[in-house]
Amino acid sequence: AEEPKSLPDYAAWKERNALIVHSANTMETQRDAIGQGVITPSDRLFIRNNLPTPPEAIVADRDAWEIQVEGVKNPGSITIGELKKLGVTTVASVLQCSGNGRAFFPHGAGGTQWSVGAAGCIAWTGVPLKDVVEAMGGPADGAEYITSTGGEELPEGLDPMQATVERSVPMRAMEQALLAWGMNDEDLPLTHGGPLRMVIPGFYGVNNVKYVKKVALTEAQTNVKIQASSYRVRDVGVKGSPDQPSMWEMNVKSWVTSPLESAGKGRTMIYGVALGGTVDLDKVEVSLDGGENWQQARFLGPDLGPFAWRPFVLAADLSPGEYRIVSKATDVEGNSQPEGRTDNERGYGHNGWSDHGVTLVVS
Ligand code: MSS
């Protein structure tokens, strides 16, 4: 299919040149538009919608937006206005689609052909979910999962069990989960889930439910399709099912963002970004010869915690020729990116360093 040229109305405020428009519901950040900063500017952040975006009207009176809270000792509803009085925190975390890197799978994994740009690092502001649960009497007995429901009205004829965006994550995520009304120091845009979004720092994008209208602490995972059979890692050719691993914590990953194709001879600064999922990073190494020899890169800018990414830089003196530049991140627990990929039906979780490299011609 040919690339649509313009941005859809709900995303018209985005920086067109920074984005690859895959479809009206899926746009990724150009590799060289990721930049060298710790925080991704909102107008460059990727978009991934499973359903049409709700109407602007839902962000007209933000503080009046109400969510249902269930699976606590005193269940009930609460507005954003009330949430803002319970507590507040700002957390930097990487938002990354489960299928980021899908384009590199040779079996032609179905879904949006994301390269590296279905990811960004965002400063989220909101109330820690812990504070909300505590204010409502604490978790009900037997709570094992945090289940969040998106606020989209389903288009006519769609079966809620097939179409509702509802995701469950294990209770261990309570430690870092927040209900966010702010993004990068502004009101959370509708495009990214405003007026309120569940943010599960360190977990893949799909778990960060937009326009959240219900949060329930549940004994079991929801059995809607997006949880039960979608976002499940399995071998190529196998159908999704609840016994396969769900896309929860992100793995350690990095990629080069600049330069990408060509450079003049002499001193070249090689930039990239690296993330550790829920674990702090230890180091990033860069190779200029496709992984034969490695040099340690330097982290650039402040460390915003385990869930944020870290830009990195390596100064290299390059003579004319062709270079295969790859990067490899290692976290403080010793987890490192593999060289290859783990083939899986839907092309999830790719963090192999070889496929993520770039070929640079220096003249
Ligand atoms: N939410 C809702 N409500 N809806 C939808 O569709 N999607 C997912 C998340 N959340 C959704 C939600 C996904 S899938 C992702 S990535 C994310 O989101 C994205 O985000 P942005 O803001 O960027 O658009 Mo994959 O794993």
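Numbers below:
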| item | result |
| --- | --- |
| Eligible aspartates and glutamates near Lys225 by straight Cα distance, threshold 14 Å, same-chain separation 8 or greater | Asp159, Glu166, Asp243 |
| Solvent exposure, largest accessible area first (probe 1.4 Å, DNA, RNA and ligands not counted), of Leu95, Leu281, Leu158 | Leu158, Leu281, Leu95 |
| Most fluctuating residue given options Glu292, Glu152, Glu134, as computed from a GNM of the chain linking Cα atoms under 10 Å | Glu292 |
| DSSP bridge pairs, the stretch 275-363: antiparallel proportion in percent, nearest 5 | 95 |
| Alpha-carbon centroids, the stretch 196-269 and the stretch 50-71: separation in whole Å | 23 |
| Gaussian network model of the chain, springs between alpha carbon atoms under 10 Å - residue of Ala329, Ala263, Ala33 with greatest fluctuation | Ala263 |
| Rounded to 5, the percent of DSSP beta bridges in the chain classed as antiparallel | 90 |
| For the stretch 154-163, Karplus couplings with θ = phi - 60° (6.51, -1.76, 1.60), whole Hz, Gly/Pro x | 6, x, 2, x, 8, 6, x, 5, 8, 10 |
| Among Gln227, Gln295, Met136 - extreme Cα towards positive end, dipole of the chain, charges at beta-carbon | Gln295 |
| For the chain, built as a Gaussian network whose Cα springs stay under 10 Å, the top-fluctuating residue of Ala143, Ala180, Ala216 | Ala143 |
| Whole-Å distance, taken between Cα centres, linking the stretch 87-155 and the stretch 319-337 | 27 |
| Positive-end extreme of charge dipole, the chain - chosen from Asn344, Val326, Trp181 (charges on Cβ) | Val326 |
| Point-charge dipole on Cβ atoms (K/R +1, D/E -1) for the stretch 155-301, about Cα centre, debye to 20 | 100 |
| Gain in span if fully extended, Leu158 to Asp141, counting 0.36 nm per residue against the direct Cα distance | 2.8 nm |
| Listed residues Lys85, Lys265, Lys130, Lys73 arranged by accessible area, highest first, probe 1.4 Å | Lys85, Lys265, Lys73, Lys130 |
| Selection from Leu281, Ala315, Ser98 lying farthest towards where the dipole of the chain points positive, charges on Cβ | Ala315 |
| The chain - charge dipole about Cα centre, Lys and Arg +1 at Cβ, Asp and Glu -1, debye rounded to 20 | 360 |
| Within the stretch 123-224: Cβ-based charge dipole about Cα centre, in debye rounded to nearest 20 (Lys, Arg +1; Asp, Glu -1) | 160 |
| Of Lys130/Lys213; Lys84/Lys213; Lys130/Lys328; Lys85/Lys210; Lys5/Lys253; Lys14/Lys265, those spanning more than 27 Å from alpha-carbon to alpha-carbon | Lys130/Lys328; Lys5/Lys253; Lys14/Lys265 |
| Net charge of Cβ neighbours under 10 Å - reference Val233; Lys, Arg +1; Asp, Glu -1 | +1 |
| Centre separation in Å (Cα based) which lies between the stretch 273-298 and the stretch 16-32 | 26 |
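The values are calculated or read from the model by the stated rules, or taken from the named source; none is laboratory data. Small disclaimer: the values here were computed from a predicted structure and weren't measured. Every residue, glycine among them, receives a Cβ derived from its backbone with ideal geometry; neighbour counts consider all protein chains shown. Accessible surface is based on the protein model in full, side chains and every heavy atom, while ligands, DNA and RNA are left aside. Shrake-Rupley method; radii C 1.70, N 1.55, O 1.52, S 1.80 Å.
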